[in-house]
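Undergrad: Encoded as structure tokens, here's the structure I'll be asking about.
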């Protein structure tokens, strides 16, 4: 492909530097800082409500060597068909638990978060050609990733998004053979998380942009070498075909589309799927990133690639529409902004490096990681403060039985810790929306219908609710008795229990 002033420059490759200077180099020091930042960020993010049912799914796959395709955890869906679109990441999550219990899970989260930030920094470095300014890009990715850093399959998906952007850049600027990594990537990605669909859109935008060659002021679409474009076209088509290398079939490939088109309740009721609110500081950060990008184009006369404009617009629209997508916005926007900023800070020169200072910071980073990594007792305590641990112990000790209605966010933990109690609802909103249970539960929780109507329909014997739930105040008025409560949970029995 012909070069343009908007195309990133290659970082110089130096072969005469002593190996120790490379080990204790400025980029290595930044990588260690990002690792420490990752561990500090996620150390209190262990008990995501959805982690538990992902863990249970992974256990089933691990122990039975089969992938469940119907709901096995709830009594309200009547074994409704379920698309296990994240089965591979769930398998890995359970593997971490089997290897080290809670500590294994936390180690996996720390590794994934570190890989995400370091890979994001490398992407920005490759794209901008400036190792120093790319540190800003890594921080941008970190800031927006705080929306979703948890033990969930989406972290795998966003690491793959970074890998895709690296492959696209290397294929375009170094050697077109890098494009052949895309089909392999998508074959893994489709079995890991639904964000593969976003990756396909990004690749499609790059490919479509390759057919345009123009310059309209500072908006540029440089010409592509026909051979490079042809290679990307074939790789893109093979990537689409690779999506069907999954054990579920076409429904696995179409799952993201089904989510957007046929799950309106889940998209409107679940907080992370709601539009981004300006009460969230990340909304102001998003505006700042966009404003800084436009400022560099208009004031500093930096050229903006046509594909960059499209990708930035797509990322902005996704983030504004769904809070959880600010994670993806950070990954898409960071390399673009760092390229525009590349001349604002002199580039890294390995000959002018300070290995001793770098070594001190690297050692300090590892010390910070050591002390920040939580102990098993800390993780156990964290679970106890955020999940109904004591309430479950009460249910088991009193042998309370019968159909249960549970808090939405408790469903995942109950699936893992108390499988003998089939849940009413949990974080798998797609299954419960398809069966109408999500709508029924929403009407019950918001008192749009008499509370006893749903309880009688499903012959509920006891309810396990969050202590802060409004229904805690309503159920006693309907004749239910609170038989247990603690700081975060409450258990209600139908009627008055026998003494």
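Throughout, read-outs are computed from the coordinates displayed, never taken from laboratory work. Computed from a predicted structure; not experimentally measured. All Cβ positions, glycine included, derive from the backbone under ideal geometry; neighbour counts span all protein chains shown.
Undergrad: How high is the relative contact order of the chain, in percent, counting Cα pairs under 8 Å that sit 6 or more residues apart?
TA: Numbers: 765 pairs, mean separation 106.4, N = 499.
It rounds to 21 percent for the chain.
Undergrad: Related question: Can you give the relative contact order of the stretch 372-499 as a percent, counting alpha carbon pairs under 8 Å and 6+ residues apart?
TA: On the way: 160 pairs, mean separation 30.4, N = 128.
Rounded, it is 24 percent for the stretch 372-499.
Undergrad: Give me the number: length gained by fully extending residue 208 to residue 386, i.e. 0.36 nm times residue separation minus the C-alpha to C-alpha distance, one decimal in nm.
TA: Separation in residues times 0.36 nm, less the Cα-Cα distance, equals 59.4 nm.
Undergrad: Suppose we keep just the DSSP beta bridges with both residues in the chain; what percent of those would be antiparallel, to 5? Intermediate values should be presented prior to the final figure.
TA: On the way: 13 of 19 bridges.
So the antiparallel bridges in the chain amount to around 70 percent.
Undergrad: Modelling each spin label as a point 7 Å along the Cα-to-Cβ direction, I'd like the residue 320/residue 360 distance in nm, to one decimal.
TA: For residue 320 paired with residue 360, the spin-label model returns 4.7 nm.
Undergrad: To continue, here is another question. Pairs of alpha-carbon atoms within less than 8 angstrom and 6+ residues apart define the contacts here; what relative contact order does the stretch 192-345 have, in percent?
TA: It comes to 24 percent, rounded to a whole number.
Undergrad: What three numbers, in Å, describe the spread of the alpha carbons of the chain along their principal axes, ordered from the longest?
TA: Its Cα atoms span 83, 49, 45 Å along the three principal axes.
Undergrad: Neighbour counts of other C-beta atoms within 10 Å: give me 325, 44, 29 arranged from fewest to most.
TA: Numbers: 325 24, 44 13, 29 21.
Placing the least packed residue first, the sequence is 44, 29, 325.
Undergrad: Ignoring everything except DSSP H segments at least 4 long, calculate the 222 nm mean residue ellipticity for the chain; use -39,500 (n - 2.57) per segment, divide by total residues, nearest 500.
TA: Calculated mean residue ellipticity at 222 nm is -18500 deg cm²/dmol.
Undergrad: Can you tell me the 0 to 90 degree angle between the C-alpha axis of helix 51-64 and the longest principal axis of the chain, rounded to 10?
TA: That helix lies at roughly 90 degrees to the long axis.
Undergrad: If you count the DSSP beta bridges with both ends in the stretch 387-493, what percent of them are antiparallel, to the nearest 5?
TA: Details: 9 of 12 bridges.
Taking every DSSP beta bridge with both residues in the stretch 387-493, the antiparallel ones total about 75 percent.
Undergrad: I need 73, 214 ordered by Cβ neighbour count within 10 Å, fewest first.
TA: Details: 73 23, 214 10.
Ranking 73, 214 by Cβ neighbours within 10 Å, fewest first, gives 214, 73.
Undergrad: May I ask you to sort 197, 212 by Cβ crowding, counting other Cβ atoms within 10 Å and putting the fewest first?
TA: Details: 197 20, 212 13.
In increasing order of surrounding Cβ atoms, one gets 212, 197.
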